Amino acid sequence: MTAMTSPISPVPGVGTATLKLVDRSAGSPTGAWRPGDDPGHRRFLEIGDLPLDSGEILPETHLAFETWGQLTPARDNAVLVLHALTGDSHVTGDAGPGHPTAGWWDTLVGPGRAIDTDRYFVVAANILGGCQGSTGPSSTAPDGRPWGSRFPWLTTRDAVRAESRLADALGIDAFHLVIGASLGGHRALEWGVMNPERVRNLALVATGASTTADQLAWCHLQELAIVGDPYFLDGDYYNHVVGPVRGLGLARAIAHTTYRSAGELDTRFGRAHQGQEDPAVGGRYQIESYLDHHAGKLLARFDANTYLIVNHSMMVHDVGVGRGGIEAALGTVTARTLVVDVDSDRLFLPAQAEELAHGIPDTRRATIHSLHGHDGFLIEADQMDAALRGFLAEDEPGR
């Protein structure tokens, strides 16, 4: 007689690891802003055909931008705010139609803030090559098709040339302040070197004069995550049902790991499980869920090709190229300069801030003390506010 046995649920095996992948329907095929979408507070400027460092010419180029406040008759109160890798022109203001997230530096820019929009005329553009209204890979090329794989590589200097045309169109001969953090700091530095007569004060936050080998390594992994997605289709995915959202999500998760410190992640998450999930049989730890969350958020507002274009501009950034080296280039900056680092930053190390401070002639230093790592410049609002207020106050008449 054969003994009867009760059915046993199979133990989840290694195949269930695929459940951790982001849903293909999210952000399909791109989270880019497209013509016909609600423009929100964006304005658009056609800056014409733009010569690039590569020797190519980007035709019929547009920049999306936002402004706050009023330009004085003397045109001496303009401030240019430059966003980081996945930022956009929406520096301050609520989320709403056309803007899926609130302003990314709302704690620093706005009425009564250090960059007071009741006092300053604040300008912020979506970077050239971006996906939130400026000409980029998701934009329509002159032949009526999305640029896709045909979009040319860009450099930091290309982006600054485009922003210079925007300043010209707005009637701004010189900015009272140019400020940028992280990759935005790359552009701010190039503004100080390329257009010294147009920058009175310069703030370089959590950034560097050139990209280090360690940063190149992290950037490379993010590139591989995107191009390794089978739905990348060599960049021509815009007319498909799905795009490389898993690759883009992975790139974001890799990057976000560098934006926070090991100390914060250990303190905040430790080895805690995500809800009732059991990591022993394929469930997630809280830190995995946290990275998945940030990956998913990006998919709703970003484009994989733009990520590659802007990531590339970070990789090739070196202010000394063609200028006799970094020290020589930094020595040409004439603006009063504030250099800010975050003491727990493991992406942009304090030594990079010291290099900037040592090389730029008229420099002040500030350090943000934070457990949060690179993102401390966004999170430690009081410290960032105090550093910038003090710096700008030194340039007030009568001091």
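With N denoting the number of residues in the stretch 15-77, provide Rg(C-alpha) divided by 2.2 N^0.38 Å, to two decimal places. Rounded to two decimals, the normalised Rg is 1.88. For the chain, set up a GNM with springs between Cα atoms under 10 Å and report which of 276, 286, 132 has the largest fluctuation. Result: 276 has the largest fluctuation of those listed.
In this label model, residue 14 and residue 349 are separated by 3.6 nm, measuring between points 7 Å along each Cα→Cβ vector. Between residue 224 and residue 266, the simple spin-label model (points 7 angstrom out along Cα→Cβ) gives 2.6 nm. Each 10 Å bin from zero holds the following percent of Cα-Cα pairs in the stretch 336-385: 29, 51, 20, 0.
Centre-to-centre, using Cα atoms only, the stretch 65-115 and the stretch 185-212 are separated by 18 Å. Evaluating kT/(6 pi eta Rh) at 10 °C and 1.306 mPa s, with the Kirkwood radius of the stretch 209-324 over Cα pairs in the Stokes-Einstein relation, gives 100 µm² s⁻¹.
The largest accessible area among 308, 21 belongs to the first residue in 21, 308, and the rest follow in falling order (1.4 Å probe, all chains). Sorted from greatest to least, the principal axis extents spanned by the alpha carbons of the stretch 266-370 come out as 58, 34, 21 Å. A simple spin-label model places pseudo-atoms 7 Å from Cα toward Cβ; at residue 165 and residue 241 they are separated by 3.9 nm. Over the Cα atoms of the chain, the radius of gyration divided by the Kirkwood radius equals 1.02; this is the Rg/Rh ratio.
The largest accessible area among 254, 179, 379 belongs to the first residue in 379, 254, 179, and the rest follow in falling order (1.4 Å probe, all chains). Think of it as helices only: each DSSP H run of n ≥ 4 in the chain is worth -39500 (n - 2.57), and spread over all residues that comes to -9000 deg cm²/dmol at 222 nm. Any idea what diffusion coefficient the stretch 1-146 gets from Stokes-Einstein, in µm²/s, Kirkwood Rh on alpha carbon pairs, 4 °C, 1.567 mPa s? Estimated diffusion coefficient is 69 µm²/s. Summing Lys and Arg as +1 and Asp and Glu as -1 over all other residues whose Cβ lies under 10 Å from the Cβ of residue 326 gives a net charge of -2. One quarter of the convex hull surface built on the alpha carbon atoms of the stretch 63-154 amounts to 7.4 nm², the projected area averaged over directions. Compared with the alpha-carbon gap, the fully stretched path from residue 217 to residue 21 is longer by 68.3 nm at 0.36 nm per residue. Residue 367 sits among other residues whose Cβ lies under 13 Å from its own Cβ, and their net charge, with Lys and Arg +1 and Asp and Glu -1, is -3.
The values are calculated or read from the model by the stated rules, or taken from the named source; none is laboratory data. All figures in this text were calculated on a predicted structure; none of them were measured in a lab. Positions of Cβ are generated from backbone atoms using ideal geometry, with glycine treated the same way; all protein chains shown enter the neighbour counts. All accessible areas refer to the heavy atoms of the entire protein, side chains included, with ligands and DNA or RNA removed. Shrake-Rupley method; radii C 1.70, N 1.55, O 1.52, S 1.80 Å.
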